[in-house]
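*Asks:* Please read through the structure below; I'll follow up with questions.
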Amino acid sequence: MDRVSFPERVAEIDLDALRHNVRQLRDVAHPARVMAVVKADAYGHGAVPVARAALEAGAAWLGVAHVSEGVALRRAGIEAPILAWLHTAGTDFTAGVEHGLDLGISGWELEHIVASARELERPAIVHLKIDTGLGRNGCPPDKWDALLSRAVEYQEEGLIRVVGIFSHLAVADEPARPETDLQVHAFREAVAAAENAGIDVEVRHLANTPATFSRPDCHFDLVRVGLGIYGLSPFADQGSADLGLKPVMTFSTVVSHCKEVPAGQGVSYGYAYRTQKATTLGLIPVGYGDGVPRIATGAPVLVEGRMYPVVGRIAMDQLVVDFGATGLADTPNSLLGRRAVLFGGAGAPAVEDWAAAAQTINYEIVTRISDRVERVYLEASRESDDDA
């Protein structure tokens, strides 16, 4: 085997798998349309290539957190509807209006967006967000009527066009919990109030990925799916395959050093691990500087068809696996230079294995993979390094 044929650090992004996932979610949500959420650089997968692939597969909208993310998609030539919903006092609302983004409004943003629309002499497209119980952004129910009144006034002046009413669910990944029923009821009341105020609501959207699968009554006109399009399950008792999804990211590197050590050898900072017997240690050149959680000791790494545990503390640039046997360094059987897969791909550890080791969720594992890791886009069995 050519020991230098693998990239040093790479996240392979399977765009065909992503298209499959979008089509699967589109079928589940039908007749509601799909918003593909590509915030945070598409959960670490690359916003522009993911957005293009999602739209090709039938997504009707794109969702981002920040206006700047939406503007970047526009500058890449993407013309589909894009909703941005998380703003600060420093948000460039003028750029958002100028680039034709749909803007989420929870309350205070309305006056700033109207000011930008007036300056540009162009109406802003807005979605009003009601807080149905998540307790983050969104208009409090007791201020909803006042927000509707102001929005109607500005719409009559031609400064905004209200096209959507939306909210976000808190516990949809736990389908048995009753709070989702309460949120759905509150959302329906908020939509009715908007319609009674004279707003012609074009799109009502509430469902995230878990609600898309488990709560058809939450689909309304549009579902916002993030985790699902990347092929990951939001449910503790169901994996990706159970939902008909294919994981999109494979994170791999190479074994950069192999050496035999005696029993009792301390490994990495603090000697949190010592070898129980003579063995071979393998150095894997990724660490928390690449987005690998420092806490994830014990997570599996696939090398030459076998899983090996991460041992000792994960460092900024490297981690160590214990191969469990001697004779794997400085011999024809050496594992030096062999591909090491942290997660993704056939027979490899799942993202959920790393999430469990890091005491976190699968969303975080893929999203945190840093820019130091090259993204390579795979499409129709062809490999492309078209970073975007």
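*Asks:* If you roll a 1.4 angstrom probe over the protein chains with everything in place, what fraction of the accessible area of segment 258-388 belongs to carbon and sulfur, to the nearest %?
*Replies:* On the way: 3140 of 6360 Å².
Summing carbon and sulfur atoms, their accessible area is 49 percent of the total for segment 258-388.
*Asks:* Continuing with this model, one more query. Can you spot the lysines whose alpha carbon is less than 19 Å from Lys143's alpha carbon? Ignore those fewer than 8 places along the same chain.
*Replies:* Qualifying lysines at Cα under 19 Å: Lys129.
*Asks:* Calculate the dipole size of segment 155-265 relative to its Cα centre from +1 charges on Lys and Arg beta carbons and -1 charges on Asp and Glu beta carbons; express the result in debye to the nearest 20. Before the final figure, lay out each step's value.
*Replies:* Numbers: 8 positive and 15 negative charges, 105 e Å.
Roughly 500 debye for segment 155-265.
*Asks:* Shifting gears a bit: Would you mind working out the magnitude of the charge dipole of segment 277-388 relative to its Cα centre, with +1 at each Lys and Arg C-beta and -1 at each Asp and Glu C-beta, to the nearest 20 Debye? Kindly include the intermediate steps, with their values, before the conclusion.
*Replies:* Details: 10 positive and 15 negative charges, 99 e Å.
So the magnitude is around 480 debye.
*Asks:* For segment 306-388, just say rounded, prolate or oblate: build the C-alpha gyration tensor, square-root its eigenvalues into a ≥ b ≥ c, call rounded for a/c under 1.5, and beyond that prolate if a/b exceeds b/c, oblate if not.
*Replies:* Numbers: a/c = 1.90, a/b = 1.28, b/c = 1.48.
Taking the square roots of the gyration eigenvalues as a ≥ b ≥ c, segment 306-388 is oblate.
*Asks:* Further question on the same structure: Which one of Met249, Gly289, Gly266 is farthest out on the positive end of the charge dipole of segment 227-290, using unit charges on Cβ (Lys, Arg +1; Asp, Glu -1) and the Cα centre as origin?
*Replies:* In segment 227-290, that residue is Gly266.
*Asks:* Could you give the accessible area per residue of segment 280-349, probe 1.4 Å, as a whole number in Å²?
*Replies:* Details: 2630 Å² over 70 residues.
That works out to 38 Å² per residue.
*Asks:* In whole angstrom, how far apart do the alpha carbon centroids of segment 221-256 and segment 83-111 sit?
*Replies:* Taking the Cα centre of each part, segment 221-256 and segment 83-111 sit 30 Å apart.
*Asks:* Can you list the GluC sites (Glu not before Pro) in segment 43-147 that are in a DSSP coil and have 15 or fewer other beta carbons within 10 angstrom?
*Replies:* Numbers: sites: Glu56, Glu69, Glu79, Glu98, Glu109, Glu111, Glu119, Glu121; in loops: Glu79, Glu121.
Those satisfying the criteria are Glu79, Glu121.
*Asks:* Within segment 85-143, what whole-number % of the accessible surface is contributed by carbon and sulfur, with the 1.4 Å probe and all protein chains included in the calculation? Before the final figure, lay out each step's value.
*Replies:* Details: 1370 of 2690 Å².
For segment 85-143, the apolar C and S fraction of the accessible surface comes to 51 percent.
*Asks:* Right, here's the next one. Positive end of the charge dipole of segment 9-60 (Lys, Arg +1 and Asp, Glu -1 on Cβ, about the Cα centre): tell me which of Val50, Ile13, Val34 has its Cα farthest that way.
*Replies:* The residue sitting most towards the positive pole is Val34.
*Asks:* Explain nothing, just the number: dipole magnitude of the chain about its Cα centre with +1 on each Lys and Arg Cβ and -1 on each Asp and Glu Cβ, in debye rounded to the nearest 20. Numbers along the way, then the final one.
*Replies:* Details: 35 positive and 51 negative charges, 224 e Å.
Dipole magnitude for the chain comes out near 1080 debye.
*Asks:* Sort out for me the Cα centre separation of segment 291-362 from segment 197-216, rounded to whole Å.
*Replies:* 41
*Asks:* Also: Counting only heavy atoms of the protein chains, get the accessible area per residue of segment 1-134 (1.4 Å probe) and round it to a whole Å² value. Provide the component values of the computation, followed by the final result.
*Replies:* Numbers: 5320 Å² over 134 residues.
Per-residue accessible area for segment 1-134 comes out at 40 Å².
*Asks:* Name the helices (complete DSSP H segments) of the chain with a Cα length along the long axis of 15 Å or more and a Kyte-Doolittle mean of at least -1.0, or state none. Before the final figure, lay out each step's value.
*Replies:* On the way: long enough: 15-29 (21 Å, -0.49); 109-120 (17 Å, 0.07); 144-156 (18 Å, -0.47); 179-196 (26 Å, -0.30).
Membrane-span-like by this rule: 15-29, 109-120, 144-156, 179-196.
*Asks:* What figure in square angstrom, to the nearest 10, would you give for the accessible area of Phe166 with a 1.4 Å probe?
*Replies:* Counting only protein heavy atoms, Phe166 exposes about 0 Å² to solvent.
*Asks:* So who's got an amide H within less than 5 Å of the one on Arg338, skipping anything under 5 residues away but keeping other chains? H placed 1.01 Å off N, in plane.
*Replies:* Val255
*Asks:* DSSP loop GluC sites (Glu not before Pro) in segment 171-223 with at most 15 other Cβ atoms within 10 Å of their Cβ, which ones? Before the final figure, lay out each step's value.
*Replies:* Numbers: sites: Glu179, Glu189, Glu195, Glu202; in loops: Glu202.
Listed in order of number, the matching sites are Glu202.
*Asks:* Going by average Cβ density within 10 Å per residue, which order do the peptides 356-366, 272-282 take, highest to lowest?
*Replies:* Values: 356-366: 19.4, 272-282: 17.4.
Those peptides, ordered most packed to least, come out 356-366, 272-282.
*Asks:* I'd like the FRET efficiency for Asn333 and Arg274, computed as 1/(1 + (r/R0)^6) with the beta carbon distance as r and R0 of 25 Å, rounded to 0.05.
*Replies:* 0.55
*Asks:* Looking at Val171, Pro141, His127, which one has the Cα that reaches farthest to the positive end of the dipole of the chain (charges on Cβ: Lys, Arg +1; Asp, Glu -1)?
*Replies:* So the residue we want is Val171.
*Asks:* Find how much the distance from Asp92 to Arg150 grows on full extension, using 0.36 nm per residue of separation minus their present alpha carbon separation; answer in nm with one decimal.
*Replies:* Values: separation 58, 0.36 × 58 = 20.88 nm, distance 2.15 nm.
Using 0.36 nm per residue and subtracting the Cα-Cα distance, I get 18.7 nm.
*Asks:* Counting only helical runs of four or more DSSP H residues, what would the 222 nm mean residue ellipticity of the chain come to if each run contributes -39,500 (n - 2.57) and the total is spread over all its residues?
*Replies:* On the way: 11 runs with 108 residues, N = 388.
Rounded to the nearest 500, it is -8000 deg cm²/dmol.
The values are calculated or read from the model by the stated rules, or taken from the named source; none is laboratory data. Everything numeric here is computed off the predicted structure, so don't read it as measured data. So basically every Cβ, Gly included, is an ideal-geometry build from the backbone, and we count neighbours across all protein chains shown. All accessible areas refer to the heavy atoms of the entire protein, side chains included, with ligands and DNA or RNA removed. Shrake-Rupley method; radii C 1.70, N 1.55, O 1.52, S 1.80 Å.
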